[in-house]
Amino acid sequence: MGRLINANDKVNDHQANESCAFFNLSPLHSGLHFSAGRSPIPAKLDAARRIDTPAGSPMSIFEYNGSALIAMVGKNCFAIASDRRLGVQLQTIATDFQKIYKVHDKLFLGLSGLATDAQTLYQRLVFRHKLYQLREERDMKPETFANLVSSILYEKRFGPYFCQPVIAGLGDEDKPFICTMDSIGAKYLAKDFVVAGTASESLYGACESMFKPDMEPEELFETISQALLSSVDRDCLSGWGGHVYVVTSTEIRERILKGRMD
Amino acid sequence: MECVFGLVGDGFAVLAADTSAVNSILVHKSNEDKIMVLDSHKLVAASGEPGDRVQFTEYVQKNVALYQFRNGIPLTTPAAANFMRGELATALRKNPYSVNILLAGYDKETGPLLYFIDYIATLHKVDKGAFGYGSYFSLSIMDRLYRSGMSLEEAIDLVDKCIMEIRSRLVVAPPNFVIKIVDKDGAREYAWRESLKDAPGASA
């Protein structure tokens, strides 16, 4: 790929075009070179996706709103959990923000990252799923849905949605399915758990140590809740409680967790 | 510098905004109304770039009116909020509006509602919200003193406490504020809180 050309770089057009041509990229489509001066994202979000905070040190666009998501597989069931904070950098706006959406009774989608893109992406995906339901007269399988999300994200390869989805569902014969992907749709399938969000490093550690295969729904709920709460306590951008869905082939149980409210 | 905040009470929603029109160090005017009456039962308090603020809110106002003409019924508050978010989201990656919005509305079926819409089109229904440097003070005051289902007197008292806090603690605090409310009887101006009236013009 061409070198990342920052809109604030004092690189003149000629030079930039040359480097794009060298890497066989047409300047118009390089996507990383904003020659007209008008960037697709407001200047604050532009510039290598770093934004200035009132405190001074720049944050990544993925950390603008703050989020934590986990999905875990159990015995013929799955659980998906998120935190509840909506923030604008270091200020908390709301403590009841929903990050997990139900696509159909056996398919849940969690979206971490920039909240506006999460909302836009959710609306586009629900639209596509409803069309699918009308045409196919059935619900989408989780594997199919994951492919759909992946291709929608890759469509925006050079101007992506700043979201990391977590998809959890029950597939054929109610076999649990979970996957996550990065912001341009690279799927990561897992047999045990997937995590996403600003607290992802803590979440990986907590899940790795607490997870056991083939847990029953109640034990799965306890495990995922403890993993979520202990991880978000180490992240200032996520937390303010938790939202957990435990889904089996017969029921969906939704629970709100009260953790450290800070 | 622009301070906009609002909250939901018992059967009403209140919005307050500063009334300074500022350009760098110059105050153009101190009676600029930043809370627009969107339709009979909706208020929009907008803060951000002045041009974008006026253009965007007027655009939404006219489209909301058009919907009512075409369909014979007014938009609900959630519908108006989602329309605003959609317009901001579409413009975000082309020609973004730098406007933060608090939309307060009253629907007969659902009662008062307040929506927080960021300049990057993050939409969330809230009980209390604020934008600008004033939000650091007003949100904290509201966190401490807000209860759901407050009466109008209590809510206005809370708004006044927030204004007092902003005036005393924000370094370039705006001197004047306007307060508007929306309830079952419609959207209307409630009061101005002026600590600096315009100087009378010199006589010829």
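The values are calculated or read from the model by the stated rules, or taken from the named source; none is laboratory data. Values in this document were obtained by computation on a predicted structure and should not be read as measured data. So basically every Cβ, Gly included, is an ideal-geometry build from the backbone, and we count neighbours across all protein chains shown. Protein only, heavy atoms only, side chains kept; ligands, DNA and RNA dropped before computing areas. Shrake-Rupley method; radii C 1.70, N 1.55, O 1.52, S 1.80 Å.
Output needed: percent of Cα pairs per 10 Å distance bin for the stretch A:168-262, bins running from 0 to the one holding the longest distance.
Answer for the stretch A:168-262: a P(r) of 14, 46, 34, 5, 0 percent.
In whole Å, how far is the Cα centre of the stretch B:7-40 from that of the stretch A:214-231?
Going from one Cα centre to the other spans 47 Å.
So which trypsin sites (Lys or Arg not before Pro) in the stretch A:122-152 pass both tests, a DSSP loop state and at most 11 other Cβ atoms within 10 Å of the Cβ?
In loop regions of the stretch A:122-152 (DSSP not H, G, I, E or B), the sparsely surrounded trypsin sites (Lys or Arg not before Pro) are A:138.
Just from its helices, what would the mean residue ellipticity at 222 nm be for chain B, if runs of 4 or more DSSP H residues each count -39500 (n - 2.57) and the sum is divided by every residue, rounded to the nearest 500 deg cm²/dmol?
Here the helix-only value at 222 nm equals -11000 deg cm²/dmol.
How crowded by other chains is A:113-121, given as the mean number of beta carbons from other chains within 10 Å of each beta carbon? The partial results should precede the final answer.
Values: counts 0, 3, 6, 11, 6, 1, 8, 7, 0.
So the per-residue partner count for this stretch is 5.
Give me the dipole magnitude in Debye, nearest 20, for the stretch A:62-220 about the Cα centre, with unit charges on the beta carbon: positive for Lys and Arg, negative for Asp and Glu.
For the stretch A:62-220, the charge dipole is close to 560 debye.
State the percent of C-alpha pairs, over all pairs in chain B, separated by a distance greater than 31 angstrom.
In whole percent, the long-distance tail amounts to 16.
Just want to confirm a number: the relative contact order over the stretch B:1-100, from Cα pairs under 8 angstrom separated by 6+ residues, in percent.
Computed over the stretch B:1-100, the figure is 20 percent.
In the stretch A:145-244, which chymotrypsin sites (Phe, Trp or Tyr not before Pro) are in a loop and have at most 14 other Cβ atoms within 10 Å, using DSSP for the loop call?
Working: sites: A:145, A:154, A:158, A:161, A:162, A:177, A:188, A:193, A:204, A:211, A:221, A:240; in loops: A:158, A:161, A:162, A:211, A:240.
The qualifying sites are A:158.
Taking a probe of 1.4 Å and counting only protein heavy atoms, give the total accessible area buried between chains B and A in Å², rounded to the nearest 100.
Details: alone 10540 and 13600 Å², together 22260 Å².
In total, chains B and A hide about 1900 Å² from solvent.
Per-residue mean of other chain beta-carbon atoms within 10 angstrom of the beta-carbon, peptide B:17-29?
0
Consider all pairwise Cα distances in the stretch A:79-168 and report the whole-number % of them above 23 Å.
Summing the P(r) tail past 23 Å for the stretch A:79-168 gives 26 percent.
Among B:41, B:124, B:28, which one moves the most in a GNM of chain B with springs linking Cα atoms closer than 10 Å?
Its mean-square fluctuation being the largest, the pick is B:28.
Taking a cut-off of 39 Å, what percent of all Cα-Cα pairs in the protein assembly as shown are separated by more than that?
Tail of the P(r) past 39 Å holds 29 percent of the pairs.
Which of B:100, B:82, B:71 moves the most in a Gaussian network model of chain B with Cα springs under 10 Å?
Comparing B:100, B:82, B:71 in a Gaussian network model of chain B, the most mobile one is B:71.
Within the stretch B:76-181, report the GluC sites (Glu not before Pro) that DSSP leaves as loop and that have at most 14 other Cβ atoms within 10 Å.
B:109
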